[in-house]
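A short worksheet on the structure shown next.
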Amino acid sequence: MTLNEEIARRRTFAIISHPDAGKTTLTEKLLLFGGAIHVAGAVKSNKIKKTATSDWMEIEKQRGISVATSVMGFNYGDYKINILDTPGHQDFAEDTYRTLTAVDSVIIVVDVAKGVERQTRKLMEVCRMRNTPVIIFVNKLDREGRDPFDILDELESELKIKVRPLSWPINIGEKFKGVYNIFEHSLDLFTPDKQRVSERVEIDSVDDPRIDEAVGETDAAKLREDLELIEGVYPEFDVKEYLEGSVAPVFFGSALNTFGVKELLDCFVKIAPAPRATQAEERVIKPEEDGFSGFVFKIHANMDPNHRSCIAFVKICSGKFERNAPYKHMRSGKTLKFAAPTAFMAQKKNVVDEAYPGDIVGIPDTGNFKIGDTLTSGESLHFKGLPSFSPEMFKYIENADPMKSKQLDKGIQQLMDEGVAQLFTNQFNGRRIVGTVGQLQFEVIQYRLEHEYGAQCRWEPISLYKACWIESDDPEALAAFKKRKYQFMATDKEGRDVFLADSNYVLQMAQSDFPKIRFHFSSEF
């Protein structure tokens, strides 16, 4: 296959949602259709000692939530699909934001009973900033929930995007009978089953009498009435508008019962974008260019607990990536070769000899990489758009076992390189401060330090409002600021100056008293 043919058959997307909307279950069912797994892990069931394929970290199995983005690749028909299953919990939003820089489109999962929740709105804003095409999957139709028309109205008003249903449910909850596929003009009847796919009734049009036989006259009449209303209210579906990110197709189904998922996948591979051009600081990079380029959007420590190895996830933006070929690491200027690059199926890894734009490749990392690093076949390029945000919660991290200080130092360094949280060193007392977006991250760090590195830490309280990066064109003004705020100055792990404000008032006073200092609330400046 030529480079262009390989690019055209790739679909790289993220699945995002509020926690518990069924995102990981949907990922499993997509893998089931791709033949990547043969039995889905029941995420919540304690009787079945399986857990979701994408939730492979020990803490994820215990909590039943995703705390890190998993990468899974599989073939479906002629297409190569790369799924990134992201954490829904808001404490891990930063991992999700970074993942959205590495995908070409997004599927948002919405619970039919709960509708649009806060975290979904925030993630949609990130998609909107980048004009990422979005498909919405309304899940859990086998449970009681809201009227489908109400859900459509809420999606439009809350997510601020035009919607267009491409499938339509026949009742919901106890009376749920199936889904009419508007995109392909077919009828799928619902039989609750977690492993098998429901039956499809071949029909010629919505007026086909076979619909009445399948679902009963009353429900068939209601379906026709609803479809007429949809055609009257919503404009014809236009793929171009979807690709521009201005309209979101909506599908209905039940991921747990494998229902409505195949319709979603079949439509997705037809309409979703192949890998697109990426904006670098120097120029726009097109996927079909000959020269290889890619960037690190995630680093994961301890994919294999026996080897304490880190893996850097590289999104390929252009050209062909080849094993053992020399590539330039922009930040260090070194030329590196990779003997064992891997492709993923969650935790399972296979060594790959080549990969193409849209693919995600794992590279063993011995401390060379940081999030946002660029690799190229020689050209000087820098990809942008991978910020770290100012944390909202802070604690001192202290060693609880003096015999294991080496393990603790290594663990903290690797976990911080992952972007799980941020580490600041207080210049006043030399103590280390960990900043996170949410409380759950402290628990995850403590758990992983103990179980992956054999190190014990304890948290001590510190009262801080915000951490902000500071810089100035006037060295004297910067020196005066640092002297005056000596007790509140720290450095991040890159050695940059960070001001730790203990209240909003103190921060505002500092901004007005020192007009020559620039205060940044994300690390990308």
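The values are calculated or read from the model by the stated rules, or taken from the named source; none is laboratory data. Bear in mind that the values here come from a model prediction, so they are computed numbers and not experimental data. Cβ sites come from the backbone with ideal geometry, for glycine too, and all protein chains shown count toward neighbours. The area values use the complete protein model at the heavy-atom level, side chains included, leaving out ligands, DNA and RNA. Shrake-Rupley method; radii C 1.70, N 1.55, O 1.52, S 1.80 Å.
Details
- Some residue of the range 86-101 being buried (at least 23 other Cβ atoms within 10 Å of the Cβ), closer than 23 Å to ASN257 by Cα and at pLDDT 85 or above: no
- Options GLU398, GLU443: the member that is part of a strand (DSSP E or B) and open to solvent by 10 Å² or more (accessible area, probe 1.4 Å): GLU398
- Selected residue (criterion: modelled with the highest pLDDT) from residues of the range 366-392 that are open to solvent by 20 Å² or more (accessible area, probe 1.4 Å) and among the charged types (D, E, K, R): GLU379
- The residues of the range 476-494 that are more than 18 Å from ASN429 (Cβ to Cβ), of a type outside the set (Gly, Ala, Ser) and open to solvent by less than 30 Å² (accessible area, probe 1.4 Å) amount to a single one, PHE481.
- The range 282-307 - residue that is modelled with pLDDT under 80 and polar (S, T, N, Q) and, of those, surrounded by the most Cβ atoms within 10 Å (Cβ to Cβ): ASN302
- Test: ILE135 is in contact with a Leu (Cβ under 9 Å, 6 or more places away or on another chain), of a type in the set (A, V, I, L, M) and open to solvent by 10 Å² or more (accessible area, probe 1.4 Å): no
- Residue that is most open to solvent (accessible area, probe 1.4 Å), among those in the range 495-525 that are outside any loop (DSSP other than H, G, I, E, B) and among the β-branched types (Val, Ile, Thr): VAL506
- Conditions (1) in contact with a Lys or Arg (Cβ under 6 Å, 6 or more places away or on another chain); (2) on the phi < 0 side of the Ramachandran plot: number failed by ASP401: (1)
- Residues satisfying the stated conditions in the range 272-281, i.e. open to solvent by 10 Å² or more (accessible area, probe 1.4 Å) and either under 21 Å from the mean Cα position of the chain (by Cα) or more than 22 Å from VAL296 (Cβ to Cβ) (or both): PRO273, ALA274, PRO275, ARG276, ALA277, THR278, GLN279
- Within the range 272-294, residues that are farther than 25 Å from PHE237 by Cβ have Cβ atoms under 6 Å from residues that are assigned to a loop (DSSP other than H, G, I, E, B) and open to solvent by less than 10 Å² (accessible area, probe 1.4 Å) in these pairs: ALA280/LEU381; GLU282/LEU381; PRO287/PRO357; GLU289/GLY319; ASP290/GLY319; GLY291/GLY319; PHE292/GLY319; SER293/LEU381, counting only partners at least 6 apart in sequence or on another chain.
- Residue in the range 102-124 that is modelled with pLDDT under 70, closer than 19 Å to LEU265 by Cα, open to solvent by less than 10 Å² (accessible area, probe 1.4 Å) and under 11 Å from the mean Cα position of the chain (by Cα) present: no
- Positions within the range 140-160 being hydrophobic (A, V, I, L, M, F, W, C) and farther than 15 Å from VAL109 by Cα, in sequence order: PHE149
- Enumeration of residues in the range 321-338 that are over 18 Å from ASN350 (Cβ atoms) and either open to solvent by 40 Å² or more (accessible area, probe 1.4 Å) or of a type in the set (A, V, I, L, M) (or both): ALA325, PRO326, LYS328, MET330, ARG331, SER332, GLY333, LYS334, THR335, LEU336, LYS337
- Among the residues of the range 453-499, those identified as within 21 Å of ASN399 (Cβ to Cβ) and aromatic (Phe, Trp, Tyr) are TYR453, TRP459.
- Any chance GLU476 is within 29 Å of ASP365 (Cβ to Cβ) and of a type in the set (Asp, Glu): no
- Taking the criterion of being modelled with pLDDT of 85 or more, open to solvent by 20 Å² or more (accessible area, probe 1.4 Å) and under 28 Å from the mean Cα position of the chain (by Cα), the residues of the range 414-433 that qualify are GLN422, LEU423.
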